[in-house]
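Structure first, commentary second.
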Amino acid sequence: MLRRIVQRTLATHAEKPRFLITGGRGQLGRGMAKELSARHGEDSVILTDISYPTGYDLDLGYTACLDVTNYKDFRTVVAENRVTQIIHLPALLSATCEANLPLAMKVNIDTANSAMLIADEFKCKLFIPSSIGAFGPGSPLEAVPDKCIQDPLTFYGCSKIYAELMMGYMSKMRNNDFRCLRYPGIISPVAEPGGGTTDYAVDIYKQIVGESQDHFECYLAPDARLPMMLEEDCVTGTCDFLEVDASKLTSRVYNLGAIDFSPQEVAAELAKQYGDFDMIYNVDPLRQGIAENWPKVFLDDGARADWGWKPKYDSTAAMTKYMIENIPKNPNAVKKEKPASDMGESLLDQLKAMSVGEREALFSKL
Ligand SMILES: NC(=O)c1ccc[n+]([C@@H]2O[C@H](COP(=O)([O-])OP(=O)(O)OC[C@H]3O[C@@H](n4cnc5c(N)ncnc54)[C@H](O)[C@@H]3O)[C@@H](O)[C@H]2O)c1
């Protein structure tokens, strides 16, 4: 009892916020650490991950390794550093979850439980991101609001719904300040595409602008619309959300939207702003299938109304301009061969366009 009172007092009277970012060496953690340090001071952030720090991390003093599956270590880091807010990022993403369900259960569910129990014990605030993957075929996919049926077909989606519900429960029933944002696909000029469903939206700029290629092979259909957001918006939106006074929040879980577009719209915008190239559609049924069960448009009325959320990059044109300006350019790029399927398709198109007489004349020469 006495220990709990002391811990509460420590958290309440801490002079300034102390953020613990777990799983921080992935796509989003370092950007959040940078933004939080800029807002609250360099020593306000402890960035950790199961992986070892890189030279970049060491230069910034982010030396700590923390495997959050080890509850004792996780709790000790929070207690010893007088952490006031945990930003819990570790998760296996969609395809990886299906490939290793026991590990996915451990990382996505068990460590979220640990984060909630530790934050509850030390009365820290807690943030865990969710995803558009938390919706499914029963959701109104044409435009998903904050509250609707959520019936994902993936373990990733189920694990995100678990965290969403528990964050609400732990806030309402145990008097905690736990918050959750559902992100769309996050794109950045520097993040390496990792084989995910939304990766084409980064890879197209890398290939055409960064690698000076004259064609891009897209694994989604021309009209496969998906909601996306630039990483800069995701980071500032999250940090703004963490600062909002709890009294303004009508929910613990919000959609965070920015842009939605299809491959053909991105291709048209890139051609307009940068120059013409060939867009080749070589549809991968697996990723196309995933895309068809995800929201096309992400409604974020709650975030806009409750805490004034507004993305900086809110159109395909603005995103394209940013990506063209910020994609690293490779001066030694080598032109790639166009895929055979495209040549086959264009030959087929040419044949279709010919009259019967022209076709017969062509075949007679073969
Ligand atoms: N990036 C996106 O497009 C996106 C979209 C929606 C939601 N999210 C959510 O945002 C969060 C962060 O996403 P991200 O893109 O940075 O993920 P990421 O996969 O790039 O990074 C996750 C990090 O967690 C670390 N990790 C894994 N197991 C760990 C463990 N046991 N202990 C400590 N660290 C461990 C990994 O080493 C990795 O650095 C995730 O919860 C993800 O579901 C991301």
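Laboratory data are not the source of any read-out in this text; all were calculated from the coordinates shown. The structure presented is a predicted model; accordingly, all values stated were derived computationally and were not measured. Every residue, glycine among them, receives a Cβ derived from its backbone with ideal geometry; neighbour counts consider all protein chains shown.
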Could I have the simple spin-label model distance between residue 98 and residue 273, label points 7 Å from Cα toward Cβ, reported in nm to one decimal? 3.2 nm
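With 20 Å as the limit, write out which pairs from 206/336; 172/296; 147/172; 147/248 have Cα-Cα distances beyond it, or answer none. Don't skip to the end; give the middle numbers.
Working: 206/336 13 Å; 172/296 31 Å; 147/172 17 Å; 147/248 18 Å.
In this structure, 172/296 lie more than 20 Å apart at Cα.
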Add -39500 (n - 2.57) for each DSSP H run of 4 or more in the chain, then divide by its residues: what number comes out at 222 nm, to the nearest 500 deg cm²/dmol? -12500 deg cm²/dmol
Taking the Cα centre of the chain as the origin, how large is its charge dipole in debye, to the nearest 20, when only Lys and Arg (+1) and Asp and Glu (-1) carry charge on their Cβ atoms? 1420 debye
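Please report, to one decimal in angstroms, the Kirkwood hydrodynamic radius of the chain built from all distinct Cα-Cα pairs.
On the way: mean 1/r = 0.0448 Å⁻¹.
Computed over Cα pairs of the chain, the Kirkwood hydrodynamic radius comes out at 22.3 Å.
What percent does the relative contact order of the chain come to when contacts are Cα pairs within less than 8 Å and at least six residues apart? Mind showing how you got there, number by number?
Details: 619 pairs, mean separation 58.1, N = 366.
Relative CO of the chain lands at 16 percent.
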Rank these for me by crowding, 116, 105, going from fewest to most other beta carbons within 10 Å. 105, 116
Over the Cα atoms of the stretch 66-129, how large are the radius of gyration and the largest Cα-Cα distance (Dmax), in Å? 12.2, 37
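Going by how many other beta carbons lie within 10 Å of each one, how would you line up 245, 240, 223, 57, fewest first?
On the way: 245 7, 240 16, 223 10, 57 21.
Ordered by Cβ neighbours within 10 Å, fewest first: 245, 223, 240, 57.
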What number does the stretch 37-148 give for Rg over Rh if you use C-alpha atoms and the Kirkwood radius? 1.02
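With charges set only on the Cβ (+1 for Lys and Arg, -1 for Asp and Glu), what does the dipole of the stretch 156-245 come to about its Cα centre, in debye to the nearest 20?
It comes to approximately 620 debye.
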Excluding residues fewer than 8 places away in the same chain, name every one of the lysines whose C-alpha is closer than 20 Å to that of residue 106. 72, 160
Any chance you could list the semi-axes, whole Å, largest first, of the equivalent ellipsoid that the Cα gyration tensor gives for the stretch 18-98, using √(5λ)? 20, 16, 12
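May I ask you to sort 274, 56 by Cβ crowding, counting other Cβ atoms within 10 Å and putting the fewest first?
Numbers: 274 15, 56 10.
Final ranking by Cβ density, sparse to dense: 56, 274.
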